[in-house]
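FYI, it's all coordinate maths here, none of it is from the lab. Keep in mind it's a predicted model, so treat the numbers as computed, not measured. Cβ coordinates were reconstructed from backbone atoms using ideal geometry, including for glycine residues, and neighbour counts include every protein chain displayed.
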Amino acid sequence: MGRREQASWTRARLGRAGPPLDLLTAHFDQHVYAPHAHDEFTVGVTVGGSEVIAYRGGHIHSYPGSIVVLDPGEMHTGGPAACDGYAYQALYADPSLLTDGILGGGLPHFRDPVLHDPELAAALRAAHSDISACPDPLEAESRLPWLLTALARRHSTARATGDVVPGAAGIARTVRDRLADELLDPPSLAALATDLGLSRYQLLRAFRTTVGVPPYAWLAQHRVARARGLLEAGLRPAEAAALVGFADQAHLTRWFRRVLGVTPAVYRNSVQDGAG
């Protein structure tokens, strides 16, 4: 492979003991895939250069910002469309992840495999990057199925279900309480949805509508609040991270800075200096 050619795979898990979902980050100068097919939907976002894909008896082209959706079982190839190569992020989604939130239960059909949707492309890229860096099961389950449902509802021929979830506030309160009670090993959203007689999409819809953020973001902020008390009591960031359920100190630091604007170490030193 050329000097700039690289590819890396990450396996995320959708919830505690949930099904896996693979993510690929790739940059190729010359590599051309042999004809092949996947059992899953291939959903990719082109981030640099341009790619040409042999698909459905013709050729399609993608450019930076394009979303490419390839159906399960469809033979295809992929390679650079120009001398500057191409770079993309892709995920390989079980078909069931695109049927939640649409009517009929059948597979969604995408007439156009190359889509222009800047908002959704940016959200897919952000989720892909964050989960590839730290494949937290609750974050993966909160973000990826939601975005895949949005993809099917916006761009496939399938009809969307209604957006109103009766009793949304009570659903959100129940989910929030369960996540807080099982802080160190939170249940999967699929399991919570089954307990409540809902689909995962309905649970996510109810929670986001009521709380304003998805479940993983609420839980991360709850963990930060708990970590603050531990840091104020003199614990080190690594100790606090383990006690509130973050994967490691780096995960705590990422969320601590998002919520409070400083690292846990800076916060700990500040409050201890103040106490002194």
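Mind listing the long-range amide H neighbours of residue 48? Cut-off is under 5 Å, sequence gap 5 or more, other chains count too, H placed in the peptide plane at 1.01 Å from N.
Placed amide hydrogens put 87 under 5 Å from residue 48.
I need the trypsin sites (Lys or Arg not before Pro) found in region 124-198, filtered to DSSP loop residues with at most 15 other beta carbons within 10 Å of theirs.
Filter output for region 124-198: 159.
If I stretch the segment between residue 232 and residue 259 completely, what's the gain in nm (0.36 nm per residue apart, minus their alpha carbon distance), one decimal?
That pair, residue 232 and residue 259, stretches by 8.1 nm at full extension.
Within a 10 angstrom radius of the beta carbon, how do 130, 71 rank from fewest other beta carbons to most?
130, 71
For region 63-119 and region 213-276, what is the separation of their C-alpha centers, rounded to whole Å?
38 Å
Of the options 269, 255, 231, report the single residue whose Cα projects farthest towards the positive end of the charge dipole of region 221-275 (beta-carbon charges: Lys, Arg +1; Asp, Glu -1).
Most positive-ward Cα: 255.
Output wanted: per-residue J couplings in Hz (rounded whole) for region 215-227, from phi through Karplus 6.51 cos²θ - 1.76 cosθ + 1.60, θ = phi - 60°, x for Gly and Pro.
Calculated HN-Hα couplings, in order: x, 5, 6, 4, 5, 4, 5, 5, 5, 4, 4, 5, 5 Hz.
Let me have the 222 nm mean residue ellipticity of the chain computed from DSSP H runs of 4+ only, each contributing -39500 (n - 2.57), with the sum over all residues rounded to the nearest 500.
Helices in the chain give a 222 nm mean residue ellipticity of -13500 deg cm²/dmol.
Compute the long axis of helix 118-133 from its Cα atoms, compare it with the longest principal axis of the Cα atoms of the chain, and write down the angle in degrees, 0 to 90, nearest 10.
Long axis of 118-133 versus the principal axis of the chain: about 60 degrees.
Using only the Cα atoms, work out Rg/Rh for region 168-212, with Rh taken as the Kirkwood radius, to two decimals.
My calculation of the ratio gives 0.93.
Amide H to amide H, which residues 5 or more places from residue 102 or on other chains are under 5 Å from it, using H placed in the peptide plane?
Correct list: 161.
Give the angle, between 0 and 90 degrees and rounded to the nearest 10, that separates the Cα long axis of helix 264-275 from the longest principal axis of the Cα atoms of the chain.
20 degrees
How large is ³J(HN,Hα), in whole Hz, for each residue of region 27-39 in order, when computed from phi with the Karplus curve 6.51 cos²θ - 1.76 cosθ + 1.60 and θ = phi - 60°, using x for Gly and Pro?
9, 10, 8, 10, 4, 10, 5, 5, x, 7, 9, 10, 6
Given charges of +1 on the Cβ of Lys and Arg and -1 on the Cβ of Asp and Glu, with all other atoms neutral, how large is the dipole of region 168-212 about its Cα centre, in debye to the nearest 20?
300 debye
Given charges of +1 on the Cβ of Lys and Arg and -1 on the Cβ of Asp and Glu, with all other atoms neutral, how large is the dipole of the chain about its Cα centre, in debye to the nearest 20?
660 debye
Can you work out the Karplus-derived ³J(HN,Hα) for every residue in region 163-171? Use 6.51 cos²θ - 1.76 cosθ + 1.60 with θ = phi - 60°, whole Hz, and x for glycine or proline.
After applying 6.51 cos²θ - 1.76 cosθ + 1.60, I find 8, 7, 10, x, x, 4, 5, x, 4 Hz.
On average over all directions, what projected area in square nanometres does the chain have, based on the convex hull of its Cα atoms?
16.5 nm²
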